[in-house]
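Worksheet: one structure, shown below.
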Amino acid sequence: MSKDEQLKALYQQRKEQVKAPHSTRQLLLTKARAEQIKPGYNLWNWTLGVSLCAALLVLFQFVGITHQQLRPEYEVIQVHRLNEEKQPGELAALVAEQTRVEHADNYARYIQGQQILTAHHKRLARLVNTEDGWGLQTCDKELVLLTAQLVDQLRNNRRLEEQLKKGDEVEIAFDVDGRIVSIKAAPGLHC
Amino acid sequence: MTLSIAIKSLLHIELSNEELMSRYVLSGDASLLAKLYDNCARDLYHFLLTLSEPELAADIAQKSWLRVMEKRHMYHSNGQFKAWLFTLARNLLMDEYRRTKRYPLLEACEVRDQGSQNKVDGTLLKAFSQALETLPFYQREAFMLYQEGFGVQDIALITGENQETIKSRLRYAKQQLRQQLGECCE
């Protein structure tokens, strides 16, 4: 045993010989009991109660969240997969066929769109200037007036030639509904 | 802190002095104070008894515990309860010495008989007790606080001294005790 340990052991032995005064304990407890807060208003009990309620609330919420997370959000599951039984060659043919059908559909839609712009019939006319703007004098001696808006739109779509001037013979193309699709110069043609 | 105390209470796990005091501060429950008294009263009384006469030691011990009751709201839950208790007691003792104009450091060190309660059986224990009582007051105080489990920093805080002074007092106290025990029992 080291010297320090010996001193410590002797100190503890010495302390064990001593007893704290019992009268102090009695006095202290009597005073403490007199001052003790009534159980109904015991702050400790209230704190404990509130803490336990809060803990339970957090626990229930946690359990609820966990349950909700575990519950699936779907009821029917559809599994889509490539038919594994098909051979690679057949699979390629199937894909090619699907692509072809898609292309055919797209092409049909494109043709349909083009037909809208394709001329249904054409008429010859002479370009004249009127007070209201441009006009087209047809072979039937009818005057077709072109609004400035239509002229701009045709020019923007490059369906009206830039170099056209008064007196030029032009060919007017109409669509199915009789709307002007384009105006082109027709120098060799006359009514 | 509160929740851990509540759980320990529910599971009947023994609470530390700090936990008991924290609960006592909140509730004022006399049984908690009784537990604290049972845990620390002997240590405190022995400390005071070694630094003063039995009557004064009992009086200061009682005042210290009453002060624990009165000043419980000033207790910091992060502090060591025993250090707080010993600080209260030490301050009361020093106040008493100042009031009665007795300065322990200047007193002649003499061997005192503690009466029948302190009669020891073994020669070594008797020699130790006598050697302890012949130590200068502040060395005795530092040595006892050290034996009560306080570190140098704690002792410095309890006594209001710097740590180097405490180290010095401890060194001299141990040296003198060893010397006296050596002379006695070799």
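Every read-out reported here was derived from the displayed coordinates using simple, explicitly stated rules and does not represent laboratory data. These numbers come from a predicted model, not from an experiment. Note that we place each Cβ from the backbone using ideal geometry, even for glycine, and neighbour counts take in every protein chain shown.
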Gyration tensor verdict on segment A:120-185 (Cα atoms; rounded if a/c is under 1.5, prolate if a/b is larger than b/c, oblate otherwise) | rounded
In vacuum, with every alpha carbon of segment B:129-186 counted as one equal point scatterer, what does the Debye formula give for log10 I(q)/I(0) at q = 0.24 Å⁻¹? Two decimals, please.
-> -0.88
Selection of trypsin sites (Lys or Arg not before Pro), segment A:97-187, meeting DSSP coil and at most 14 other Cβ within 10 Å | A:LYS141, A:ARG158, A:LYS165, A:LYS166, A:ARG179
Shielding of A:4-16 by partners, i.e. mean partner chain Cβ atoms within 10 Å per residue?
-> 6
Once you put a point 7 Å from the Cα of B:ARG102 and another 7 Å from the Cα of B:ASP38, both along the Cβ direction, what distance in nm separates them?
-> 3.3 nm
Determine the distance separating the Cα centre of segment B:56-85 from the Cα centre of segment B:12-54; give it in Å without decimals.
-> 8 Å
For the A:ILE65, B:ASN78 Cβ pair and Förster radius 41 Å, calculated FRET efficiency rounded to 0.05 is 0.75
Distance between segment B:120-186 and segment A:2-19 - C-alpha centres, whole angstrom = 11 Å
Set of lysines with alpha-carbon distance to B:LYS71 below 28 Å, sequence-local pairs under 8 removed | A:LYS15, A:LYS19, A:LYS31, A:LYS38, B:LYS8, B:LYS35, B:LYS63, B:LYS82, B:LYS101
Name the residues whose placed amide hydrogens come within less than 5 Å of the amide hydrogen of A:VAL128, ignoring near sequence neighbours (fewer than 5 apart) on the same chain.
-> A:GLY135, A:LEU136, A:GLN137, A:GLY167
Using the Cβ atoms and a cut-off under 12 Å, what net charge is assigned to the surroundings of A:ALA96, where Lys and Arg are +1 and Asp and Glu are -1?
-> -2
What is the mean number of Cβ atoms from other protein chains located within 10 Å of the Cβ atom of each residue in peptide B:24-37, rounded to a whole number?
-> 5
